[in-house]
Every structure is written in C-alpha cells, then in structure tokens.
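Before anything else, here's the structure in question.
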Amino acid sequence: ILNVEQSPQSLHVQEGDSTNFTCSFPSSNFYALHWYRWETAKSPEALFVMTLNGDEKKKGRISATLNTKEGYSYLYIKGSQPEDSATYLCASISGAGSYQLTFGKGTKLSVIP
Amino acid sequence: DTGVSQDPRHKITKRGQNVTFRCDPISEHNRLYWYRQTLGQGPEFLTYFQNEAQLEKSRLLSDRFSAERPKGSFSTLEIQRTEQGDSAMYLCASRADLAAEAFFGQGTRLTVV
C-alpha cells in the first residue's frame, strides 16, 4: 500500500448504533498513526496518536486499534450520537524526512437522530 | 494561547491575482506544516518548517507558491498568478515534536473566479 486509504467513504447510521471505520497505511518505515475528527466549519481535532503494534486507545465512546505489521487501524464508535457526525481522518507518519502526516480521504459519518 | 489561527478565513480572488495567507501557530511549537484540501480529498502536504527553516516542499508546490516563516513564528503562504485549480482549503498545522499530535487552524478557503 503506497497511500493511506480509508473505508467507507461515507456512512449513515441511526442514533445509538455502533460503527467502525478502516484505515490502511504503508507498513514499511512506520512511525505513527493519527486519527482526527473534522466537524464542518471547525479545525481538525486529534483523537488518537498511536505508535505501537497492538495498541488500543479509548476516549469515551470512541476507541481505536493499530496493527503496524499489516498496516491497518480501526476506529470504533459505540452508541453513535448526532454530535459524532463529522469526517474522520486518519494520517500515517513514516520515519523519514519531515515526519509529515499523510492523510486518507476520510470517512464522513452522519448520525441520524 | 488560543491555538492555531489562520487569516483570512475566506478569500475570493480573480484569476491571475496574487494572494497571501497567514498562519499563527501555537507559540511553543517549532514545527509548522501547510496542507491543501480539495473536495473529496484528504489534506495534502505542501510544505514544512522547523523554526524558520523550510525543510521540505511537496511536488504539489509549483513555482507560483512560496512560503516563509520569518523568525520561526508566524508563517505566510503566497500564491502568485492564481489559477482556478488553486481553489481549495489551505490548512496550517503546528506540532511540538515528532511524536505529537498536530494542531490545526480553521483553514483559509480560497476561491479563484
């Protein structure tokens, strides 16, 4: 995998449903994986910074896992609420150069009340 | 410190005009990044500063684009002879160190007519 890929591109869920998204990234020269939430008219905001294979992080109803060997991360939202509606971006950082974030196209989540 | 701020929030310009955007990062962050986001895409890396030094530029950054970060504080991104393809959201982000999350501004939405 040369680029960061996210699926699905968009998702509509009912309030109370649980959901998950996938991020695939290059596993070679891996340094870190970030998840961001970007609400309309606001700044992207970091959810998780993950570096270790097998890492699992949790913030309230949102959690994420990381597999650096196979190059994927999952983001889970339990009991979705309307305020979770946003675009969720993952970004991979390789251990070279400027350590810039390489973003996927994002998953746009809409939670229907 | 209120976070990363960008100015202006919106800019409409005629094709062929020059535009300049400003980013004020979080004061103690020495790493500053510019990204561009177009419809349906994730943010794409443009350039990176560590303090006042511009250490990396993307191939996306044509000769019409120039960025500066005098004295390692605020940064400016100038686009000369704008083209319709330059229409995008221009995001600025700063980070404290390589392992840290990025803090983003709200972006400057450029429309070239």
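For segment A:28-46, which positions are hydrophobic (A, V, I, L, M, F, W, C), more than 7 Å from every other protein chain (Cβ to nearest Cβ) and in contact with a Phe, Trp or Tyr (Cβ under 7 Å, 6 or more places away or on another chain)?
Scanning segment A:28-46 gives A:L33, A:W35.
I've got another one for you. Just to verify a result, which residue in segment B:55-74, among those that are within 14 Å of chain A (Cβ to nearest Cβ) and at pLDDT 95 or above, is surrounded by the most Cβ atoms within 10 Å (Cβ to Cβ)?
Start the filter on segment B:55-74 by keeping residues that are within 14 Å of chain A (Cβ to nearest Cβ), which leaves B:55-61, B:67, B:69.
Restricting the remaining residues to those that are at pLDDT 95 or above gives B:67, B:69.
Values: B:A67: 21, B:R69: 23.
Looking at residues that are within 14 Å of chain A (Cβ to nearest Cβ) and at pLDDT 95 or above, I get B:R69.
Quick one: would you say B:S66 is touching a residue at least 60 places away in the same chain (Cβ under 8 Å) and in a strand (DSSP E or B)?
no
Listed here are the residues, each with its yes/no results for (1) of a type in the set (K, R); (2) in contact with a helix residue (DSSP H, G or I) (Cβ under 9 Å, 6 or more places away or on another chain); (3) without any contact (Cβ under 8 Å) to a residue 24 or more places away in the chain; (4) in a strand (DSSP E or B).
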| residue | (1), (2), (3), (4) |
| --- | --- |
| B:Y35 | no, no, no, yes |
| B:Q54 | no, no, yes, yes |
| B:R59 | yes, no, yes, no |
| B:K71 | yes, no, yes, no |
| B:C92 | no, no, no, yes |
| B:A100 | no, no, yes, no |
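Please return the ranges of strands (runs of 3 or more DSSP E) entirely within segment A:1-96 where 2 or more residues are surrounded by 18 or more Cβ atoms within 10 Å (Cβ to Cβ).
Result: A:19-24, A:30-38, A:45-50, A:62-67, A:72-77, A:86-94.
The values are calculated or read from the model by the stated rules, or taken from the named source; none is laboratory data. As the structure is a computational prediction, the values presented were derived from the model and not from experiment. For neighbour counting, all protein chains shown are included, and Cβ atoms are generated from backbone atoms with ideal geometry for every residue, glycine included.
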